[in-house]
Amino acid sequence: MNQYDQFSADYHWLYSDGVLAGKPFLKQFERLLKSIPSDSKILDCSCGIGVHAIALAEQGFSVYGTDCSVGMVAQAKQRSIEAKKDIPFAVSAWNELPTKIDQVFDVAFCLGNSVGHCADKQEMISSFKGIRSVLKKNGLLILDSRNWERLQQVKPRFSTTGSRIRNGIRCIPLYVWTFPDRFEDEHLIEVALLFENEKAVWERHYNITYHPFRHSELCDILSSVGFVNIRSAFTEEKDLYTVTAQAG
Ligand SMILES: C[S@@+](CC[C@H](N)C(=O)[O-])C[C@H]1O[C@@H](n2cnc3c(N)ncnc32)[C@H](O)[C@@H]1O
C-alpha cells in the first residue's frame, strides 16, 4: 500500500479552506497562467487530492490529474465531482506516464514537495524521463521542493500548518520530524492530526518518508534527461523553492 493511501481521506486537514480552494496556488502562478494560451493542456502529475487540478479547471484550462496513490486519486475524483468539474484522473507513477497516458501536455505541475518521494537518484531520473515524455517539445515542467540542505541545518523537530474547524471538529496537524545522521538517508515525518469536538479529544497519525536531494543534484538530473532552460528560485535561506524547466 502506498504511504498516502490511508492518509488520503484525512489529507484535507493539512490545508486551510483558502488552500483547498487553490487561492495561494493561483496567486503564485498567476503570471505564468496568464502567459500561456487558454487552450493549453495541463498535467498535474502529483495531483494528490486534486486541489491544483480543480483550481486550474475552474480557470478554464484543460487539465489531467495523475498520482501514484490510489487513495489520493479517489479523493481527487470525489472532490472534482463536488466542484462540478469534469477532470480525468488516473493512477500513475511518474515513470509510468508514457505507458499510461496517451496525450502530451503544454505544462506539467509537480507540486507539494513530491519529488522527495523518489527513493534514490535512479528513481529521480526515471521519474523525470517519464514526465518529460508526456510534455510537448518546449513544454514546461513546474515543480517545488523543500530546501533539504537548509532543513538539515535547522533540523526542526515540530511544525504545524495551522488549525481548522470542519463539521464541528477542530483539527491541529502536528508534524514531528526525525532527521537521520546522513543527508541521503530516509527522513521520517510523523503527521499527527489532533482532533477535538464538544465531547472528546482524539488523534490519528500517518508516517511519511522522504529521500532528500541537493538543489544542484535536482538541476543536474533535470538536465541529464533533456530538460533545458532550467530556472530556479533556490536560495540557501529559503525553506521552499520552485523550479521550472522546458522539455528540450
Ligand atoms: C505531499 S503530496 C502533494 C500532493 C499535491 N501536489 C498537493 O500539493 O497537495 C505528494 C504526492 O506525490 C505523490 N507521489 C509520490 N511519489 C510519486 C510518484 N513516483 N509518481 C506519482 N506521484 C507520486 C503522492 O502519492 C502524493 O499524492
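The values are calculated or read from the model by the stated rules, or taken from the named source; none is laboratory data. Note that this is a predicted model, so its numbers are computed, not measured. Cβ atoms come from the backbone with ideal geometry, glycine included; neighbour counts cover every protein chain shown.
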Check: Quick one: what pairs do we get from the range 113-128, first residue closer than 11 Å to Pro212 by Cβ, second in a helix (DSSP H, G or I) and of a type in the set (A, V, I, L, M, F, W, C), C-beta under 8 Å, 6+ apart or different chains?
Finding: Val115/Met124; Val115/Leu218; Gly116/Trp148; Cys118/Met124
Next item on the list: Mind listing just one residue for me: the one in the range 79-96 that is of a type in the set (S, T, N, Q) and within 12 Å of the ligand (Cβ to nearest atom) and, of those, nearest to Asp220 (Cα to Cα)?
Entry: Asn95
Next item on the list: Output the residue which, of all residues in the range 50-72 that are among the hydrophobic types (A, V, I, L, M, F, W, C) and under 18 Å from Ile131 (Cα atoms), is farthest from the ligand (Cβ to nearest atom).
Entry: Val63
Check: Of the numbered conditions (1) within 14 Å of the ligand (Cβ to nearest atom); (2) at positive phi; (3) not assigned by TED's automatic domain parsing to the domain that holds Val243; (4) not hydroxyl-bearing (Ser, Thr, Tyr), His187 satisfies every one except a single condition; which is it?
Finding: (2)
Check: Cβ-Cβ below 8 Å, separation at least six or inter-chain, first residue in the range 1-22 and closer than 17 Å to Asp44 by Cα and of a type outside the set (S, T, N, Q), second modelled with pLDDT of 95 or more and more than 10 Å from the ligand (Cβ to nearest atom): which pairs?
Finding: Ala21/Ala55; Gly22/Ile54; Gly22/Ala55; Gly22/Leu56; Gly22/Glu58
Notebook entry, point to check: Any idea which of (1) touching a residue at least 60 places away in the same chain (Cβ under 8 Å); (2) out of contact with any Asp or Glu (no Cβ under 7 Å at 6 or more places or on another chain); (3) within 16 Å of the ligand (Cβ to nearest atom) is the one Thr99 doesn't satisfy?
Noted result: (1)
Note to self: Here is a list: Val73, Val51, Val19. Which entry is at pLDDT 95 or above and in contact with a Cys (Cβ under 9 Å, 6 or more places away or on another chain)?
What the structure shows: Val73
Checklist line | Residue in the range 118-143 that is farthest from the ligand (Cβ to nearest atom), counting only those that are over 20 Å from Lys41 (Cα atoms) and surrounded by fewer than 22 Cβ atoms within 10 Å (Cβ to Cβ) | finding: Lys121
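Please determine, by comparing only the residues of the range 26-49 that are away from the ligand (no atom under 12 Å from the Cβ) and of a type in the set (D, E, K, R), which one is nearest to Arg231 (Cα to Cα).
Only one residue tops the list, namely Arg31.
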